[in-house]
Every structure is written in C-alpha cells, then in structure tokens.
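Shown below is the structure under consideration.
The values are calculated or read from the model by the stated rules, or taken from the named source; none is laboratory data. On a predicted model such as this, the values are computed, not experimentally measured, just so you know. Here the Cβ positions follow ideal geometry from the backbone for every residue, glycine too, while neighbour counts run over all protein chains shown.
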Amino acid sequence: MKSLYQNFEVSKRILDRRDFLKGLGATGAVMLTANWTWAKEQEIKYGGPGMPGGVIEDPKVYLRFLSDGTVVVICARSEMGQGIRSSLALVVADELDADWDKMQVEQAVGDQGVYGNQNTDGSRSMRHWYLPMRRCAATARTMLQNAAAKHWGVPAGEIKPYRHKMAYAGGGKEISYGKLARMLDDQDIPDPGTVILKDSSKFRFIGKDQTLSVDNTNIVSGKGMYGADIRFDDMLYAVVARPPVYGSKMESYDDSAALKVSGVVKVVPIEGATAPSEFNPLGGLAVVAENTWAAIQGRNALKVAWSSSPNDSYDSDSYRNEMNTASHNPGKVIRTVGDLDNAFASAAKTHTADYYLPHHAHAPMEPPVALAILKDGKLEAWAPSQNPDSSRVKAAERAGVSYEDTTLNVTLLGGGFGRKSKSDYVVEAAELAKTFPGRAVRVQWTREDDIAHDYLHTVSSEHLEASLDKDGNTTGWLHRSVAPTIGSIFAPAQRHQQAFELGMGIINAPFNVPNMQMENPGVDAHARIGWFRAVSNIPHAFAVQCFIAELAEKAGQDHLEFYLNLLGPDRKINPLDQGDGWNHGEDPEIYTVNTGRLKKTIQKAAKEAGWGRQLPKGRGMGMAVHYSFVSYVACVLDVEVKNGGELIVHNATMAIDCGKAINPDRVRSQMEGSCIMGLSLATTSEVSFKNGSAIQNNFHNYQVARMPLAPKSLSVHILEPEDVESLGGVGEPGVPPVPPALINAIHAVTGKRIRQLPIGNQLA
C-alpha cells in the first residue's frame, strides 16, 4: 500500500519543572516530538477560499514521559463527545504496552505552528493521527528498550515490553518505565527504519471492545471543564444584541434603561464584519454585567435601530420557489457521461422527483461561550473551540495584540457539529477584554442567540430524473442540486456549490449508468451558511436514496436488488475520473470509491435487519446507504405509523465500513448518535425565514427529537475488510443515510412519498 506519510522524524527534548502543567507532580521529563509531511501535496483546501487553517499540513505529535512513569499524550484535536482524547491515548498505550492507569492527556492550546492543523472537522482526526501516533509511541518504546539494555549491559533484542515495564528475557529482571524515563536523556533517537510497529495480533486496546476513557469520570462527576465552567474572581459576564438580519448594522442605540438594571456595568458596541463575514462577529451591542441574568435583562431593555440589509426580504417560502425554478432549468454542468438526451428519448419509462430540505441549526447542548483576559499586553482566552488556532488569530487581531502574545485554551465541547469551528464568539470576548483590561469577561450566547444567529446548514432543492429500459435497468440519470454555498461566507458572488460540496454525493455518484449528467444551478445566499455534521451529504443522500427507492418501485423490483444492480460490478473508482478532485481531502490513489464495499455494507445492514421478512400490520422497512468521509454507512429502519401520524421506530440497524475500527466502542456510539440526529433532522428540525429574520429561536419551535422517537432497538455492525489498511471517518458519515431510510420506510407503510423535510404533519 502506498504510504500516507513521508519524512517521518522524531526529536527529543529534555524538560524541567517550568515545562510542566501545574499539578502533574513529577520532576524531570522527556518530550518526543514527531513531525511528518504528506506523501502527496494537498492542493485542495478543506472548506472554501480563504478558510483559515484549511490546508492539511505538517501535523506534529507530542508525547511526554514523566519520571514517575506517567505518559502524557498532548492532544491537538478538540474533544466534543467523539472520544478523540481517549482514542489517541489508547493507540499510544497499546503501541507502548503501557498501563492504562498511567496514561494522561493534555489538551493542546491553539498553535498551528507547533501542532499543525488543529481544525477538528471532516471526521479525520483518527484517520490522520493513527499511524503517526503509533510511530511516535513505537520510537519511544524502542528508546526505553535501548535504555534498559544499556542499564543491564545486555543486547536490546533480549528486552521485551510488558505492562509499563521492560523485562530481560534471559534473567527475570524488570525495570519500570518511570525509572527508564530518567535515562532517556542519554538516548539518541533511533533511525526510523529500525523502529518496528507492534504486530496487530498482539494489540491489547486497538480494535478491542472496551470502554476506556480519560474523560468519562470527570464528565459524569461534574469535574469536566466546559466553556462556561471557567471562573475568575471579579469576572464580568456579557450577552450581545446582534442584528436581526444578516448584513444589517447598528445605526443608533439608547442604553439608558439598560444601565439602570441592577448589575449592569457597561454597554459596549461590537464591531461587525460586512458580508461576506467569514468567521467574524455580526456586530451589535454587548451588555456587560456582574452576572449573566443582569446582562440578559439589560439587553432586553436596550433600544437599537438597525440599518436595512440586502437580505431584508429573505423569505423561506419564496426562496424555495426560486430554488425549485432553478432546479427545473439547465445549470452549470459539473459531470457528464454518455448521451443523456438519447437515453431519455429511447426510454421505456422515465421518472422525475423534487426534494427539499430546510436550513438546520447546529443547536449543540452547550451554546457558544468564550472568556478572555487582556493583561499587560497579553491576551488569554478559553473557549470550546473546534478550530483553536483560527480563534487565536482572530482574537489577537481584535484585541490589538500579537499572535505570540495570545493564548487560546481549549475546553471540553458540549457538542459542536461544526458550529464551534467558527471563531466569532471568541472574537467577541477578545474585544470586550480590551474594554476591561485586567478583568476576565465571558461572552455567553443564549439558546435564542445560538439558533437565530447560527452558521446554518444550507437549505437545498434537489431535482432528479431517470430513464429505465424495458427490463427496469437505469439508462439515464440527471441530478440538479441547488443550494446556497458555504463559500458565500468567504467571498462575494458565490452562487455555486464548492468542489467539496459537490463531492458529497453528486459528482461522485458511483452508479453503473451509461448516461449521466450532474448540474449545479446557482443561487444567492441570504444567511450565514456553515458546515454542519455531514454537510452537503445530508441533502444529496436524502434525494438520491429516496429517488432510488422510487425507481425500484417504478421498475417493479425489490429496493435492495435494484440498488445492487444500479451499482453494477464491483470496482474501485478513482475520484478524479468522476471529476472529484477533493475526495474528502484524501489522496484518490489511496482512497477510491469502492462499490464492492458499498454493496457489502448495505447487504450487511439488510441481513441483520431481516430485510424482506413479514412484518406486523402497519409496519414497514426502508433502507439507504451512502459513501462519505471515505467510509460506507447503511441504515435500515423498521417503523410503524399509527392513525393520526404517530411515528414509532421499532428497530434501527446500522452498518459501517470505516476500514479498521480503532476504538469500536466509539464507532458504535457515533453511529447511535448519528441515527438519533438523522431522525431528528427528518422529523422536526427546521429554521425558516420571514423578512430576513429567523422565525425559530429555541427548542419550542426548533424541535429536536424527543425520547419517544428513539428506536426501541438500535444495533450497529462494523465491517472490517481484511484488504483495507486505510482508515475512514466515523463522526459524520452515519447521519446521511438515516433520513432517506426513514422516508422509504414510511412509504412502505403508508404508500406516501414524502419529498420535503421535516416531515412535520405530513403523516397526519
């Protein structure tokens, strides 16, 4: 297999007390730094033009060995429930043959120069860090073996690691890693060619079913530190009145009533960015007080006049009509195969369908929050950030200090889903810290702020047409996708989806259809659009997978058999041959689109769900499968629809092929969470606009799934192909197949074809 990395190099640094975090309680230490570069230069940015830190570049691994035997893994990715801190520690512990109780994780501050790209997105943390973490740990293990050999005066080949010790095979001698750590200052870094990775047959943790975690105890006991848990004496609290329409500015304000509210200290204007706003604040008026409640009451008392905006007329109903009209007319051609016109002209049957998905808000359980202190020309901030280096850059700019004089500390994230990779809330805290030098200021977003001023998941209109021959084979395929692009927050006049959005289930359709055309008509964005868990895979998978179910019915065939026939023979497709130069940011020679893996994934889910079995009256099954973030995920749902439209999900069956599952427990939990989130998106969640403003602003009108919607039974099946060494993503690819599987199941029960989400009262 072609290597993902080249120029892998480990260096060593001897540390003293000043290098330790307070409370580690050990003297002397050695830090190993592993640098590597990609084997193939990545020219495609992950995101859009101008996205800070968007290029995948030269990450670095850090391991610290303390003299008491503790092994500290410095984690440069943010922990938001996906378990990356625990999973990275697990990999290191296994390669070192370490004692899990001796493992600690230190969260890295935002510093791309030191840690490389830190943006926790794209389901790529383990994919990009697994081998480097193993190599760095294997280098450390080799150094410990060499130190033990030197200590005893025996050949290094006779020294074996075992449970945080080195043992001499020839004489019953043992020495702890703690004692050996004190000898590492005399050890040279071994040649990379001499470092051997542990044989997978001897893994203790990697790929094993267990629930090891470095954070769970602190989280369930309330000791875990989230953004709003950071406290300082004499700190201040702030909330911000932001413009109700994207692009509007504050023209004037009266803060006299706000200043009379007990506890309010000051009202401070916040500078806003003009559209495209990128990751900068919307601007507005901050009410700073001695507590959050006073700040909120002060904001309620403000009188603010806002300017007009080009987006004042944004209305979801009329915009939907605009997108639908665009999808029914030729658009920018992004891929073409064969002669589509001839396919339709000679077809035995044709079928057409239109699908619509609304804006979605991220709505993490922890709304955005950040705290900052500016003192003696140095800025220090704390935030639940997915993209800490970007937040550091922008916070420094807003506070008027240098990057070097700025520190961005990363707390645990109470959910993120892509929202917390934007730095606007951190920048607000930095600006207020400048107004109150020497005092900590915390900016707290309320749930209303969070939903009404989010970087929303794009609204989408999908138009599909297909032709069938007399045997029910698909001979022609047309897909037009219309959606405001994430690129609109980075540059003006961005009317077409970016390469990475088109590479999420449109241009890279893996079907064995001789005549195909994919088009992307353009539309303007009227709200802040941002990446959201699974991003554009959600609308694209929804439309495509529902359409395939409709085609199967049109052809008079079983859905599963029709889909397998649509895929055609097993083959490995180079994404470049499909016009997809993005390929989830991965090398297309290593990460192909493998139709055989797609087949096996949907077949596994179908088999485990009992596809085709007789169900009780009023129940039906639906399926869907999708390739995203270089993983393959299938979902089969067994649902019941009662009179009045009550929906019950009896069984949910998920199957995932993500290559090797490093931490199966976390893979399952991500699939389980994806299933619940996908059901929520399909049934109740929507952000709509009237007169430029979001109508929804809290969970009473932006509903997320309630407990009764949770499947009574949810099983996850992990496929691990023996011939696949590369890793796929896990955090996001479970979401896209769930909504279409649900809609297909509902059709099996009711005969209704739902093409608009959320379902709402369409079942009544």
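Taking strands (runs of 3 or more DSSP E) that do not extend beyond the range 232-274, which have at least 1 residues that are under 33 Å from the mean Cα position of the chain (by Cα) and farther than 30 Å from residue 311 by Cβ? Step through it out loud before you land on a result.
On the way: elements: 236-241, 250-254, 264-270.
The strands (runs of 3 or more DSSP E) meeting that bar are 236-241.
For the range 124-145, check the following and say yes or no: at least one residue is closer than 20 Å to residue 92 by Cα, in the same structural domain as residue 99 (by TED's automatic domain parsing) and more than 38 Å from the chain's Cα centre (by Cα).
Start the filter on the range 124-145 by keeping residues that are closer than 20 Å to residue 92 by Cα, which leaves 124-145.
If we keep only those that are in the same structural domain as residue 99 (by TED's automatic domain parsing) too, we end up with 124-145.
Checking the rest, the ones that are also more than 38 Å from the chain's Cα centre (by Cα) come to 145.
Yes: one or more hits.
Still on this structure: Can you pull out every residue in the range 730-764 that is part of a loop (DSSP other than H, G, I, E, B) and among the hydrophobic types (A, V, I, L, M, F, W, C)?
Matches in the range 730-764: 730, 735, 754, 757, 759, 763, 764.
Assess whether residue 222 counts as being of a type in the set (Gly, Ala, Ser), more than 23 Å from residue 74 (Cα to Cα) and out of contact with any strand residue (DSSP E or B) (no Cβ under 7 Å at 6 or more places or on another chain). Walk me through it before giving the result.
Working: of a type in the set (Gly, Ala, Ser): yes; more than 23 Å from residue 74 (Cα to Cα): no; out of contact with any strand residue (DSSP E or B) (no Cβ under 7 Å at 6 or more places or on another chain): yes.
So residue 222 does not fit the description; no.
Residues to consider are 64, 77, 85; find the one that is basic (Lys, Arg) and either surrounded by fewer than 20 Cβ atoms within 10 Å (Cβ to Cβ) or in a strand (DSSP E or B) (or both).
Values: 77 fails: either surrounded by fewer than 20 Cβ atoms within 10 Å (Cβ to Cβ) or in a strand (DSSP E or B) (or both); 85 fails: either surrounded by fewer than 20 Cβ atoms within 10 Å (Cβ to Cβ) or in a strand (DSSP E or B) (or both).
Only one candidate passes the filter, namely 64.
Let me ask something additional. Counting only residues that are acidic (Asp, Glu) and farther than 22 Å from residue 735 by Cβ, which one in the range 611-668 is surrounded by the most Cβ atoms within 10 Å (Cβ to Cβ)?
Only one residue tops the list, namely 640.
When both residues are 6+ apart or on different chains and their Cβ atoms are under 8 Å apart, which pairs have a first residue that lies in the range 391-416 and is touching a residue at least 12 places away in the same chain (Cβ under 8 Å), and a second that is surrounded by fewer than 17 Cβ atoms within 10 Å (Cβ to Cβ) and among the small types (Gly, Ala, Ser)?
Close Cβ pairs satisfying both conditions: 396/402; 401/377; 405/377; 412/224.
Within the range 318-339, does at least one residue satisfy the condition of being of a type in the set (D, E, K, R) and either outside the structural domain of residue 577 (by TED's automatic domain parsing) or exposed (fewer than 14 other Cβ atoms within 10 Å of the Cβ) (or both)? Quick ask: steps written out before the conclusion?
First pass over the range 318-339, keeping only residues of a type in the set (D, E, K, R): 320, 322, 332, 335, 339.
Then drop every residue that is not either outside the structural domain of residue 577 (by TED's automatic domain parsing) or exposed (fewer than 14 other Cβ atoms within 10 Å of the Cβ) (or both), which leaves none.
Looking through the range 318-339, none of the residues is of a type in the set (D, E, K, R) and either outside the structural domain of residue 577 (by TED's automatic domain parsing) or exposed (fewer than 14 other Cβ atoms within 10 Å of the Cβ) (or both).
Shifting gears a bit: When you check residue 296 against the structure, is it among the hydrophobic types (A, V, I, L, M, F, W, C), within 23 Å of residue 393 (Cβ to Cβ) and either outside the structural domain of residue 425 (by TED's automatic domain parsing) or at pLDDT 95 or above (or both), yes or no? Break it down into steps so the answer makes sense when it comes.
Working: among the hydrophobic types (A, V, I, L, M, F, W, C): yes; within 23 Å of residue 393 (Cβ to Cβ): no; either outside the structural domain of residue 425 (by TED's automatic domain parsing) or at pLDDT 95 or above (or both): yes.
So residue 296 does not fit the description; no.
Further, regarding this structure: Counting just the residues of the range 519-558 that are more than 30 Å from residue 318 (Cβ to Cβ) and touching a strand residue (DSSP E or B) at 6+ places or on another chain (Cβ under 6 Å), which one comes out surrounded by the fewest Cβ atoms within 10 Å (Cβ to Cβ)?
Filtering the range 519-558 for residues that are more than 30 Å from residue 318 (Cβ to Cβ) and touching a strand residue (DSSP E or B) at 6+ places or on another chain (Cβ under 6 Å), the one surrounded by the fewest Cβ atoms within 10 Å (Cβ to Cβ) comes out as 554.
Got at least one residue in the range 159-172 being in a helix (DSSP H, G or I) and either modelled with pLDDT of 90 or more or on the phi > 0 side of the Ramachandran plot (or both)?
So in the range 159-172, the residues in a helix (DSSP H, G or I) come out as none.
No; the residues of the range 159-172 include none that is in a helix (DSSP H, G or I) and either modelled with pLDDT of 90 or more or on the phi > 0 side of the Ramachandran plot (or both).
Within the range 291-371, considering only helices (runs of 4 or more DSSP H) that don't extend past its boundaries, which have at least 3 residues that are under 21 Å from residue 484 (Cβ atoms)? I'd like the intermediate steps shown before the answer.
Numbers: elements: 292-301, 316-327, 340-345.
Because the criterion is at least 3 residues that are under 21 Å from residue 484 (Cβ atoms), the helices (runs of 4 or more DSSP H) in the range 291-371 that meet it are 316-327.
Name the single residue, out of those in the range 693-728 being of a type in the set (Val, Ile, Thr) and at pLDDT below 95, that is farthest from residue 358 (Cα to Cα). Write out each step before concluding.
Of the range 693-728, the ones of a type in the set (Val, Ile, Thr) are 695, 704, 716, 718, 724.
Those left that are additionally at pLDDT below 95: 704, 724.
Working: 704: 14, 724: 37 Å.
It comes out as 724.
Restricting attention to the range 501-517, which residues are surrounded by fewer than 24 Cβ atoms within 10 Å (Cβ to Cβ), hydrophobic (A, V, I, L, M, F, W, C) and not in a loop (DSSP other than H, G, I, E, B)?
If the condition is that a residue be surrounded by fewer than 24 Cβ atoms within 10 Å (Cβ to Cβ), hydrophobic (A, V, I, L, M, F, W, C) and not in a loop (DSSP other than H, G, I, E, B), then 516 is the only one that fits.
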